[in-house]
Amino acid sequence: MRWNVHRSVAETKEWLSEEEAGAAKDGRCVWGFALKETGRLIGSGGLILNEDRQMFELGYCIMKEYWNRGLTTGAAQVVIGFAVQRLGAYVFYAHRDKDNAASGRVPEKPGFILLGNIDCQSLDGKRNIQGCEYTPQPGQGRTKAHWLRLQRQPYY
Ligand SMILES: CC(C)(COP(=O)(O)OP(=O)(O)OC[C@H]1O[C@@H](n2cnc3c(N)ncnc32)[C@H](O)[C@@H]1OP(=O)(O)O)[C@@H](O)C(=O)NCCC(=O)NCCS
């Protein structure tokens, strides 16, 4: 992950304030993910403009006890739906650490393909990261029709 794991509640509060300020300032779209059944907040994610790639980058994180139930895949489907319908965006980007295969499956399931490997730094510039980049298949995979079709069915 390009961000660092939070070490305290204070750090998480600071991050939440930054996200709120960022949403008002640069229009990033980040949501809390809540379980439909109970409303429990179990994670967060959304889109942020990747300046280098000039694409909306998908990001996500959920509590470990909820991993591998398809929940992030479902959340990504909703986030992409928002981007297509409300932002008119059809080209997306995702990045994962080389060793975080589960994170790569989330964009792979709706048809993103591996763009290549990339050496980059954590957001605080303190760690070197070997990562993999994903983007939808050029052509049909980057059209409104493609995404609208996928919105009508689960990705998995
Ligand atoms: C990455 C993360 C968001 C995935 O969330 P999730 O809700 O478990 O994702 P889903 O259940 O929708 O999909 C997970 C997929 O990864 C697969 N998977 C899980 N562990 C895996 C592993 N070690 N190797 C390969 N695939 C793996 C699952 O089988 C599933 O794929 P499938 O549906 O084809 O079987 C979650 O693990 C997480 O929050 N991790 C910590 C934060 C993080 O890494 N965020 C991403 C930063 S780039």
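Laboratory data are not the source of any read-out in this text; all were calculated from the coordinates shown. Source: prediction; values computed, not measured. Positions of Cβ are generated from backbone atoms using ideal geometry, with glycine treated the same way; all protein chains shown enter the neighbour counts.
Using alpha carbon centroids, what distance separates segment 48-103 and segment 122-156, in Å?
The two parts, judged by their Cα centres, are 7 Å apart.
Using only the Cα atoms of segment 75-139, each taken as one equal point scatterer with no solvent, compute I(q) by the Debye sum, divide by I(0), and report log10 of the ratio at q = 0.26, 0.28 Å⁻¹.
-1.10, -1.17
Using only alpha carbon pairs under 8 Å that are at least six residues apart, calculate the relative contact order of segment 1-85 and give it in whole percent. The partial results should precede the final answer.
Values: 74 pairs, mean separation 14.0, N = 85.
After rounding, I find 17 percent.
Which whole-number percent gives the relative contact order of segment 9-151, counting Cα pairs below 8 Å spaced six or more residues apart? Provide the component values of the computation, followed by the final result.
Working: 194 pairs, mean separation 23.6, N = 143.
Normalised by residue count, the contact order of segment 9-151 is 17 percent.
Within the chain, how many Lys pairs that are eight or more residues apart, or on different chains, come under 28 Å at the alpha-carbon?
15
Would you compute, from DSSP H runs of 4+ residues alone, the mean residue ellipticity of the chain at 222 nm, taking -39500 (n - 2.57) per run and dividing by the full residue count, rounded to the nearest 500?
Values: 4 runs with 46 residues, N = 156.
My calculation for the chain gives -9000 deg cm²/dmol from helical runs alone.
Multiply the residue separation of TYR66 and SER8 by 0.36 nm, subtract the distance between their alpha-carbon atoms, and state the gained length in nm to one decimal.
Details: separation 58, 0.36 × 58 = 20.88 nm, distance 2.12 nm.
Stretched fully, the TYR66-SER8 segment lengthens by 18.8 nm.
Mind ranking 86-94, 105-113, 138-146 by how tightly packed they are, going by the mean number of other C-beta atoms within 10 angstrom, highest first? It would help to have the intermediate numbers written out before the result.
Details: 86-94: 17.0, 105-113: 18.8, 138-146: 12.8.
Order by mean packing, descending: 105-113, 86-94, 138-146.
May I ask what percent, to the nearest 5, of DSSP beta bridges between residues of the chain are antiparallel?
In the chain, DSSP labels about 95 percent of beta bridges as antiparallel.
Can you give me the distance in nm between label points at VAL91 and GLN151, each placed 7 Å from the Cα along the Cα-to-Cβ direction?
2.1 nm
Quick one: the Cα spread of the chain along its three principal axes, in angstroms, biggest first?
Largest first, the chain extends 44, 40, 33 Å along its Cα principal axes.
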